[in-house]
Amino acid sequence: MPNPSLRVLATFRHWGTALPVWSGRLRKEYWPLAAQNIRAQGGRLLALWGEDRRTTEAGYLVHAAFLSETGIVRTEMIVDPATAAYPSLAAIFPGALRMERALYDLLGIRATGVNDTRPWLRHAAWPADQFPLRTDFSGEGLDIAADRDYTFLPASSPDTHEIPVGPIHAGIIEPGHFRFQVLGEEILHLEERFGYTHKGVERLFQGLDVAAGGAHLAGRISGDSTVAYAWSYAQAVEQIISMQMPERAQWLRALCLERERLANHLGDLGAIGNDAGLAFALTQFQALKEDLLRENQHYFGHRYLMDRVLPGGVAFDLTAAAIAALQGGGQALKTAVGRLQEILAEHGGLRDRVVQLGVISPERAAHLGLMGVAGRASGQAWDLRVQFPHIPYDQLQVRMATATEGDVAARMAVRFLEISESLRLQEEILQKLPDGNIYHPLDLRDAAGEGVGWVEGWRGEIFFWLRMEQGNIRHCRPQDPSWTLWPALEEAVLRDIVADFPLINKSFNLSYSGHDL
Amino acid sequence: MYRILREALRLGKAGEKPPRTQRDPASASPSCFRHSLSIRHVDAGSCNGCELELHALGGPHYGLEQAGFRFTASPRHADVLTVSGPVARHMVAALHDCHNAMPEPRRIIAIGDCACSGGVFRGSYAVMDGIAETLPVDLQIPGCPPDPDALLQGLLRVSGDRAET
Ligand code: SF4
């Protein structure tokens, strides 16, 4: 239940769901007030997005979702098409700034009260006076020109020089641009520029049928988090049609989620070691990850578990033999990771590179509203599996991994802890897996309404909001934790040297595709 | 150090034998590509799934370098440009820059369903529906994502080899 001072601003409705969600419509004047109230109570901003409701209501609808101590508070506000403006939340939640800039690019409504009105997701693909999320978006005048007009922050002193990096980077990674201002080797300022992988996902979702097209696309918003996205999408759908999921399916979903966490953490630890010059770590962790991926292919049907989690259940089942084999694999992985962890902990060369590097203090982390691996490594004790456990996590007692140093070493330590916890969870899930169906066909005729999904992915929380009409998707908004975490990278690198940037960046390993949508 | 060696020995030779191949007489690839390809990969708006498989391909199981292939940082050193993603409009200019920087002879491989035809993102205002809309494609490797074996087979073909029967 939202606190009393929030309740005087609007009537909040509790959504009948497994997740604790309260939803209310605010008047424009109350928009920042509600955010201030939530901030004062220690809440966080999860997402801010908008939709074109001019055909059904009086204008555009802006939504925000916050985390409060009792669950999600979702607020909405009508924006008059004549002014197309609404008050900014950036002074209250710094993370709101990029979301508001992106909202202008996509929907053409402007947050007032901030100076930064540069585009965020739009480069030159569509004209500046057209907005893809408006229902009357013509799709004409599309372009492939480079993004030449973006104004980066000017250099602070004539002694500094600028290093532009990207969008294409040296390795096999996603595209994005980083603009460094350096004095000698030292980084004085870093500015990120994204949007290169913008694929128009929000608009693509519109009109898709929920069971096939929507689920397929949801699993490809960020390929490394396909389970987390598919599950949060499924939660949103199941909430709209008030469906009870077969319990076995829920447990199998959690198994997939933990295996996704394992695969990514293994890959990251190897890559961090490699960026610190320890090729041994890369080879060893890659070998472990590959074994895990092959198990996935063999027992689940896809190396990265794409399309395994569907609205209504899961697309695979495990036989007793498969369960035994996975248990054996888990044991072997546990021993191998344990040995590697000892070696890495004792490796002086590695320690020299990762300790006290790329630090985000707990205070800054709290200010920026960090969560996920990077948040927990800076003392932010948020883990949905612990604070808001849904089935089966409510029966598994997840132990949260935290550290307070906030450096690269801490982000590695959190990953090691989470690997052993995920292995423990996998073992427990495999032992206690309830019998029953794995899939329950959906009855989507005339399904309508709003739903949310919220899942602790390996990187952080993935939030999904969905509106359905006549059984199809009307609008949806997937929110990657990277929206909140990317600004932290800009701070983490300050006063470190340029050559350490890849290492610091890897220790965050944030998503471009999930962010650019 | 001793423990690192012990672990390395414990892992042993993880590499699997690359498929035996011979020169394909029908191949139009230059003979200098054989057993030696430098690859520049560009993510042109992929979901990152295809990149995961490219990473896996570089891992110890697949012996990529044994086959004579390696990923290079500079397009100026590259024989082959691999591209993933539906080609987001925002990536077209950078992709062209990269392609223009490559010396001849050069080849382009489309990696994954997205790069072949747009995949799940086909029809969006923000993408090109595949690389062929903007650069000439020599080989398509479909899949979502294509697994490392499929990627290796594709690279072998572009290098002018075919599997021995
Ligand atoms: S082909 Fe599949 S895995 Fe590859 S980028 Fe496209 S959606 Fe992702």
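Every number in this text was worked out from the coordinates using simple rules, so none of it is lab data. These numbers were taken from a predicted model, which means no experiment stands behind them. Don't worry about glycine lacking a Cβ; one is built from the backbone with ideal geometry, like all the others, and counts go over all protein chains shown.
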Provide the per-residue ³J(HN,Hα) series for segment A:337-348, in order, calculated from phi with Karplus coefficients 6.51, -1.76, 1.60 and θ = phi - 60°, each as a whole number of Hz, with x at glycine and proline positions. 5, x, 5, 5, 4, 4, 4, 5, 5, 8, 7, x
Kindly provide the GluC sites (Glu not before Pro) of segment A:1-89 that DSSP labels as loop, not H, G, I, E or B, and whose Cβ sees at most 12 other Cβ atoms within 10 Å. A:E29, A:E57, A:E69
Fully extended, how many nm does the chain gain between A:A58 and A:L188 (0.36 nm per residue separation, minus their Cα-Cα distance)? 42.1 nm
Rg/Rh (Cα only; Kirkwood hydrodynamic radius) as it applies to chain A: 0.95
Do any chymotrypsin sites (Phe, Trp or Tyr not before Pro) in segment B:2-110 lie in a DSSP loop with no more than 16 other beta carbon atoms within 10 Å, and if so, which? none
Residue separation times 0.36 nm, minus the C-alpha to C-alpha distance between A:T335 and A:T404: what's the value? 22.2 nm
Pairwise label distance in nanometres, A:E162 with B:R76, each label 7 Å out on the Cα-Cβ vector: 2.3
Taking R0 as 41 Å, what's the FRET efficiency between A:D129 and B:R162 from their Cβ-Cβ distance, rounded to 0.05? 0.15
Below 8 Å between Cα atoms, with a sequence gap of 6+, how large is the relative contact order for segment A:4-123 in percent? 22
Return one number: the angle in degrees, 0 to 90 and rounded to the nearest 10, between the long axis of the Cα atoms of helix B:2-11 and the longest principal axis of the Cα atoms of chain B. 70
Is there a quick way to get the dipole size of segment A:1-131? I mean about its Cα centre, with the Cβ of Lys and Arg at +1 and of Asp and Glu at -1; what is the value in debye to the nearest 20? 220
Among A:E450, A:E418, rank each residue by its count of other Cβ atoms within 10 Å, from fewest to most, as a rough exposure measure. A:E450, A:E418
Using a simple charge model, +1 on the beta-carbon of Lys and Arg, -1 on the beta-carbon of Asp and Glu, nothing else, what dipole does segment A:437-517 show about its Cα centre, in debye to the nearest 20? 140
Note down the relative contact order for chain B as a percent, whole number, built from C-alpha pairs under 8 angstrom at least six residues apart. 28
Quick one: Cα centre-to-centre distance for segment A:415-452 and segment A:261-324, in angstrom? 17
Treating only the Cβ of Lys, Arg, Asp and Glu as charged (+1, +1, -1, -1), what charge dipole size does chain A show about its Cα centre? Round to the nearest 20 debye. 800
Counted charge near B:M1, where neighbours are those whose Cβ lies closer than 12 Å (Asp, Glu -1; Lys, Arg +1): 0
Expected sort for A:W231, A:W31, A:W483 with the fewest Cβ neighbours (10 Å cutoff) up front is A:W31, A:W483, A:W231
Could you tell me which GluC sites (Glu not before Pro) in segment A:214-287 are loop residues by DSSP with no more than 13 other beta carbons within 10 angstrom of their beta carbon? none
If you add up the charges near A:S361, with Lys and Arg at +1 and Asp and Glu at -1, over every other residue whose beta carbon is less than 15 angstrom from its beta carbon, what do you get? -2
Ranking A:K199, A:K289 by Cβ neighbours within 10 Å, fewest first, what do you get? A:K289, A:K199
For segment A:216-227, just list the computed ³J(HN,Hα) in residue order, Karplus coefficients 6.51, -1.76 and 1.60, θ = phi - 60°, integers in Hz, with x standing in for Gly and Pro. 4, 5, 4, x, 10, 6, 9, x, 6, 10, 4, 5
Could you work out how far apart the two model spin labels at B:D24 and A:A320 are, taking each label as a point 7 Å from the Cα in the direction of the beta carbon, and quote it in nm? 4.8
